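Worksheet: the structure to be examined is printed underneath.
The values are calculated or read from the model by the stated rules, or taken from the named source; none is laboratory data. Everything numeric here is computed off the predicted structure, so don't read it as measured data. Positions of Cβ are generated from backbone atoms using ideal geometry, with glycine treated the same way; all protein chains shown enter the neighbour counts.
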Amino acid sequence: MPKWPPRWIEISDKDVLAAIAHVPRHRFVPEAQRQHAYEDRPLPIGHGQTISQPFIVALMTQLLELDSQARVLEIGTGCGYQTAILAELAAEVYTIERIPELSQRASRILSELGYDNVHFRVGDGWQGWPQAAPFDGIIVTAAAPIWPPQLLEQLADGGRIVLPIGPAGGDQILWQGIKTGSQLIRNRIGPVRFVPLISDADDHPFDIEYDDLI
């Protein structure tokens, strides 16, 4: 995989940098990994999942271009670290996790840290949260095989979606999509490596041959 991050990418959003500085990453890392909590690398959090490296969290958050009135949907709560960063910046965060134990742990930690603008759901992130749509920003913290159509439908006009796309264990690309009317402007950001987005839906395209689907 090409060297990451490319030299032209930097985190320049002061609000994002302030959120990264304020959220205690060690609270979201298992006890055995806490000595590495502030290193710029992913760490295992159990159940075959990871907490992303801080740079990637900051980059994906910056690409959302949130303001204090934004309503955000996060697919893949995981340990809740990215959720906390979003909660620092947005008015409301809706986050979905398919593994109950992770969702419950994240909910407890964020509550202990005083966040009261986060809504948790255990379920299939591929389907999004249509009852709470539209969203000003959608962030997907697992690699999808294609642009998820249900999520694009739940994105507000002018809203942004940030997600990795690519096959599990293969080449994945981080993308930013900007919705303008019925069109989606797609900006290719760079190579990444994420766990796969999993769904139980019968119409989920995970058994397709990954090709030129993006």
| said: For region 84-109, which positions are more than 17 Å from R160 (Cβ to Cβ), touching a Lys or Arg at 6+ places or on another chain (Cβ under 9 Å) and of a type in the set (A, V, I, L, M, F, W, C)? | reply: A84, I96, I109
| request: Please state which of the following conditions P24 fails to meet, knowing it meets all the rest: (1) under 26 Å from G169 (Cα atoms); (2) in contact (Cβ under 8 Å) with a residue 60 or more places away in the chain. | output: (1)
| said: The conditions are (1) surrounded by 24 or more Cβ atoms within 10 Å (Cβ to Cβ); (2) in a helix (DSSP H, G or I), and C79 fails exactly one of them. Which is it? | reply: (2)
| Within region 85-123, can you find the residues that are of a type in the set (D, E, K, R) and either farther than 15 Å from I51 by Cα or in a helix (DSSP H, G or I) (or both)? | E88, E92, R98, E101, R105, R108, E112, D116, R121
| task | State whether one or more residues within region 182-190 are exposed (fewer than 15 other Cβ atoms within 10 Å of the Cβ), of a type in the set (S, T, N, Q) and modelled with pLDDT of 95 or more. | result | yes
| task | Please list, ordered by first then second residue, the pairs with beta carbon atoms under 7 Å, 6 or more apart or interchain, first in region 111-139 and over 24 Å from R27 (Cα atoms) and free of Cβ contacts under 8 Å to residues at least 24 places away in the same chain, second surrounded by 14 or more Cβ atoms within 10 Å (Cβ to Cβ) and among the polar types (S, T, N, Q). | result | none
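For every residue, the table says whether it meets (1) part of a strand (DSSP E or B); (2) at pLDDT 95 or above; (3) under 30 Å from E31 (Cβ atoms).
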| position | (1), (2), (3) |
| --- | --- |
| L163 | yes, yes, no |
| F194 | no, no, yes |
| D202 | no, no, no |
| D211 | no, no, no |
| note | A37 fails exactly one of (1) without any contact (Cβ under 8 Å) to a residue 24 or more places away in the chain; (2) among the aliphatic types (A, V, I, L, M); (3) closer than 30 Å to G159 by Cβ, namely (3)
| query | Hey, any hits in region 124-137 for a residue that's surrounded by fewer than 22 Cβ atoms within 10 Å (Cβ to Cβ), of a type in the set (F, W, Y) and over 25 Å from V192 (Cα atoms)? | reply | yes
| message | I'd like the full set of residues that are touching a Pro at 6+ places or on another chain (Cβ under 6 Å) and within 20 Å of V57 (Cα to Cα), limited to region 143-172. | response | A143, A168, Q172
| In this structure, is G166 at positive phi and more than 14 Å from the chain's Cα centre (by Cα)? | yes
| task | Go through the residues of region 157-174 one by one and say whether even a single one is of a type outside the set (S, T, N, Q), surrounded by fewer than 16 Cβ atoms within 10 Å (Cβ to Cβ) and under 21 Å from L89 (Cα atoms). | result | yes
